[in-house]
Amino acid sequence: MKDDFLDGIIKAVELMAIAARTAPKAAGQDFVGIKIVTGQEVAALADAMVEYGEKAKKKNFDRDGENVRNSAAVLLVSLEKSRPVGLNCGACGKNTCVELQHAEGPEFEGPLCAWRLLDLGIALGSAVKTAGLLNLDNRIMYRVGAAARKMGLMEGQIIVGVPVSVTGKSIYFDRSK
């Protein structure tokens, strides 16, 4: 069923990517990365999610991995080589932007400038708003991004995934676990 409308779904995901790209960014600086995942890459991403969940003993990577496996495409949105805005606002937990030193965490790099994370959130919101307008079932998923980053599918300090599908009931919300 996921391939019945594949051409239309890919066009819709491209429109989601456009919405993410053109979303407002702090100080007019764009550190948002975007990648559309289709075909065999979707299956590889699903496999990587399940494998990572088992290896790290983290809950629900298997459930979300199966959601990805049953998706027609996945939009990945990231922060790539972002720098603090320079406001010295303390929202990141540091007194000045100069003190904000990125370090590799178990899944993502951090801490990150709160304003850059808002840029990512606004880009994701714009993308899923577009998906909703186009009647694509979708869900923002952190686990997708963690696995995509682990497998080197995309560069980014933090990556978030938005799988999409077209079925009679949303596979992302109408699930048993």
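The values are calculated or read from the model by the stated rules, or taken from the named source; none is laboratory data. For clarity, every value in this text was computed on a predicted model and none was experimentally measured. In this analysis, Cβ positions are derived from the backbone assuming ideal geometry, glycine residues included, and neighbour counts consider all displayed protein chains.
For Gln101, the conditions (1) in a helix (DSSP H, G or I); (2) at pLDDT below 95 are fulfilled apart from (1).
Does Arg143 satisfy the condition of being crowded, with 19+ Cβ neighbours inside 10 Å and of a type in the set (Lys, Arg)? When the stated conditions are applied, Arg143 passes them.
Across the range 146-165, the qualifying residues are those that are in a loop (DSSP other than H, G, I, E, B) and in contact with a Gly (Cβ under 8 Å, 6 or more places away or on another chain), and the one among them that is surrounded by the fewest Cβ atoms within 10 Å (Cβ to Cβ) is Glu155.
Only one residue in Gly33, Gly53 is in contact with an Asp or Glu (Cβ under 6 Å, 6 or more places away or on another chain) and assigned to a strand (DSSP E or B). Which one? Step by step, each of Gly33, Gly53 is checked, and only Gly33 is in contact with an Asp or Glu (Cβ under 6 Å, 6 or more places away or on another chain) and assigned to a strand (DSSP E or B). Of the residues making up the range 68-98, those that are in contact (Cβ under 8 Å) with a residue 24 or more places away in the chain and either in contact with a helix residue (DSSP H, G or I) (Cβ under 9 Å, 6 or more places away or on another chain) or part of a helix (DSSP H, G or I) (or both) number 20. Asn70 meets each of the listed conditions (1) within 17 Å of Val164 (Cβ to Cβ); (2) surrounded by fewer than 14 Cβ atoms within 10 Å (Cβ to Cβ) apart from (2).
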